[in-house]
Structure formats: C-alpha cells, structure tokens
Amino acid sequence: MAQKKEIKGEIFCNLEHIVQLEPKRMSMGVRPSGNLHLGSFTTLLLSLYALSQVKGATLDLEVMDLDFDLQRGRVAKPYYNETIGDEKTGETRLVGDELVRQLEEAIKVVERLLGETVRDRIDLRKFSEVYRNPAMTETFAHLILNPLSRAQIKHAIFDGKGNRFDVPLYPICPDCGMSGATQPRVIIETKELETRCFNPDCSTDVYRVSLLDPGAYNIHYFIDPIRDSVKCKNHPVSDLHIFGGDYGIQGGQKKLTKAERIRVIYNQASNTPPAIFIGPEITIGQLKMSKSTGIGVDWKNVALLREYVDLILTFVSSVESDQPSRLDYLKIQERLGV
Ligand SMILES: [Zn+2]
C-alpha cells in the first residue's frame with residue numbers, strides 16, 4: 001500500500017522562533033506592482049532583522065518580475081517587460097529594475113536603523129535572472145509536464161475559483177508583449193505552451209512558447225516559491241521563506257491560507273520544503289492595505305521609521321502562537337503621533 005506522503009514545512013508567526021531554527025538560507029519575494037509600500041517594507045524589515053539575529057545566514061531577496069498584473073478582461077500585463085518613467089530625468093527603466101533600486105535604498109535605511117550591516121549576505125535579484133538558470137527552468141517544466149504534480153499544483157492554486165485555469169503559467173505574446181489570463185494548452189511532446197492573444201489591439205491569434213524558454217511566459221506567484229526547493233548552481237535550497245501577513249489569510253473553498261497552499265506546492269517540489277514564517281497583516285481600519293492606499297508614514301522618513309521599526313519588532317516578537325497577527329495601521333499612526 002502506498003504510504004501517504006507526510007506534509008512537511010512548518011508554518012509559524014513567532015519571530016523569535018526564526019533564531020531557534022537557525023536557518024542557513026532564507027528567502028523572500030516582492031512583486032514589482034508599484035513603489036515599495038509599507039507592507040513589503042515590513043516584510044523586508046523582518047527578513048533583515050532575522051539576518052542580523054542569525055549569524056552567517058543569507059537571504060535570497062527576489063523581485064518577482066515573472067508575475068503579472070491582471071488587466072480588464074482576459075489580458076494580463078507582465079511585469080517582465082513593463083517600464084516606468086522617471087519624472088525628473090525622463091529616462092525609463094523596467095519596473096523590476098526600479099524595485100531592485102528601491103530595495104537597495106530600503107536595505108541601507110534598515111541597516112542604519114538596526115545598526116547592523118547585512119547587505120553582504122543578501123542576494124538581491126530579479127526572478128527572471130534566477131529563472132534563466134537551466135536547472136530552475138527544467139524543474140518548473142518537469143513539474144508542469146508531470147500530470148500528477150500538475151494536478152496537485154492546480155488544486156492548491158485554484159481552489160474554489162471555478163477552475164477556469166489549468167496550468168499556472170501565462171505565455172507572453174511575442175507581438176504585443178501582453179499575456180493571456182486564460183489557461184494555455186500544454187503540449188507534452190514538444191514541451192510547449194499554446195494559447196491565443198486576447199489583446200484586441202494585437203493581430204496575433206494562436207501562439208506557442210517553449211516551456212524551457214525563460215522569459216517567454218509569466219508564472220503564477222503561487223508556484224514561484226518552488227525556486228526555494230530547486231538545487232542548482234549558485235542557488236542552494238532555502239530552509240526558511242519569509243512572507244507578508246496576507247499569506248496567513250484563509251481563502252478558497254477549503255479555507256486554507258496562502259501559506260498552507262504554497263506548502264502543498266513546496267511538497268511537490270522537494271522532500272525538504274522550507275519552513276514558512278508569516279509576518280503581521282497590516283490593515284487600515286478593517287481594510288486590507290493596498291499599494292494604492294495613501295500611507296501616512298513615508299518609508300523614506302527615517303525619523304518616523306525608527307519608531308515604526310521598534311513598534312513592528314516589539315509587536316511581532318510578542319506573537320507567541322502560529323496564528324497570523326493583524327496590526328491596524330490607524331493604530332500605528334496613533335502610536336507614532338502622525
Ligand atoms: Zn498579442
């Protein structure tokens with residue numbers, strides 16, 4: 001009789017537990033969906049604090065530029081080739097590069113506030129660069145081509161959403177650079193993905209991309225953490241992934257958190273999945289904090305940030321359980337006196 005596979009990958013919310021685990025390689029990802037906001041800054045802060053506490057540990061800090069933004073209808077805009085203009089200089093750069101630049105800046109600020117240098121232990125890169133490693137691309141392709149793991153991944157990601165999708169990969173149209181938000185067909189023999197362009201302004205209909213061509217398709221953010229488990233040159237396996245508070249929120253039919261669903265995918269990719277730390281969810285009143293919400297404390301305002309950093313670290317250190325915690329930004333503002 002087949003043994004039921006044990007689900008591994010501890011999930012916890014207590015900051016001090018990171019020190020007890022003594023991770024060697026931690027990882028964290030940020031989507032390039034706009035300027036670095038306070039939520040991502042908070043997750044970064046917790047990662048850098050953990051680095052300062054666990055001597056010798058390293059951090060993979062990745063900008064998830066193979067992710068995409070859902071536009072109206074069935075068209076998605078890949079971050080991979082999206083650019084942003086600098087108002088002062090007039091130059092444009094990729095949103096992924098811009099976020100790398102902002103993270104560099106934020107790391108310096110946090111280092112000053114923590115009184116510790118950790119930059120030399122951080123590998124800061126765009127995920128599209130990491131994904132160019134053939135071992136990484138092949139592992140992803142292998143999981144997609146294998147019907148069993150594909151089904152598991154599909155189930156973990158699209159739980160309770162009507163299952164319009166099958167494969168959580170989104171080929172980028174070679175003509176217009178947009179991406180279809182509906183499922184591509186997997187062509188096993190040629191290791192290709194086939195889909196059609198839904199951009200009304202584009203003349204391309206059906207197109208195919210190779211699964212082994214990094215940058216030819218977007219990756220649903222639920223499966224990109226597979227990178228933590230892939231053994232390849234210059235990219236050893238991670239043993240701890242640090243997520244923001246939204247990964248502790250339950251959803252879907254089975255009322256699982258994002259962290260629990262990602263753990264299913266981790267288990268598909270590895271026998272030694274990383275542990276998962278979930279930071280606090282920052283809300284504004286009862287609302288989820290989003291990138292577009294005006295946030296009182298500018299993360300570049302170092303004087304206020306000093307207070308913010310102390311407040312967050314005190315709060316997260318007081319979380320004893322494995323239950324995700326919430327922190328209301330209005331209360332933070334009150335405490336900071338802004
Ligand atoms: Zn197109």
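The values are calculated or read from the model by the stated rules, or taken from the named source; none is laboratory data. For clarity, every value in this text was computed on a predicted model and none was experimentally measured. Cβ placement follows ideal geometry from the backbone for every residue including glycine, while neighbour counts extend to all protein chains displayed.
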Among the residues of the range 198-209, is there at least one that is surrounded by fewer than 19 Cβ atoms within 10 Å (Cβ to Cβ) and closer than 19 Å to Asp65 by Cα? no
Condition test on Gly90, is it among the small types (Gly, Ala, Ser) and over 21 Å from the mean Cα position of the chain (by Cα)? yes
Strands (runs of 3 or more DSSP E) completely within the range 177-217 that count 2 or more residues being within 26 Å of the chain's Cα centre (by Cα) and away from the ligand (no atom under 13 Å from the Cβ): 185-187, 192-196
Selection count, the range 299-327, where residues are without any contact (Cβ under 8 Å) to a residue 40 or more places away in the chain and over 19 Å from Gln102 (Cβ atoms): 7
Would you tally the residues in the range 239-280 being in a loop (DSSP other than H, G, I, E, B) and either at pLDDT 90 or above or closer than 20 Å to Leu46 by Cα (or both)? 7
Check the range 218-234 and report whether any residue there is of a type in the set (Phe, Trp, Tyr), touching a Phe, Trp or Tyr at 6+ places or on another chain (Cβ under 7 Å) and on the phi < 0 side of the Ramachandran plot. no
State whether one or more residues within the range 230-238 are part of a loop (DSSP other than H, G, I, E, B) and without any contact (Cβ under 8 Å) to a residue 24 or more places away in the chain. no
Being within 12 Å of the ligand (Cβ to nearest atom), under 30 Å from Lys254 (Cα atoms) and at pLDDT below 90 is the requirement here; does Ser149 meet it? no
Yes or no: the range 56-63 includes at least one residue that is closer than 28 Å to Cys173 by Cβ and of a type outside the set (S, T, N, Q). yes
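What residue, among those in the range 23-38 that are among the small types (Gly, Ala, Ser) and at pLDDT 85 or above, is surrounded by the most Cβ atoms within 10 Å (Cβ to Cβ)?
Ser27
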Just checking, does the range 155-165 include any residue being away from the ligand (no atom under 16 Å from the Cβ), touching a residue at least 60 places away in the same chain (Cβ under 8 Å) and polar (S, T, N, Q)? no
Qualifying residues in the range 166-176 (those that are touching a Ser or Thr at 6+ places or on another chain (Cβ under 7 Å) and part of a strand (DSSP E or B)) - the one farthest from the ligand (Cβ to nearest atom): Tyr170
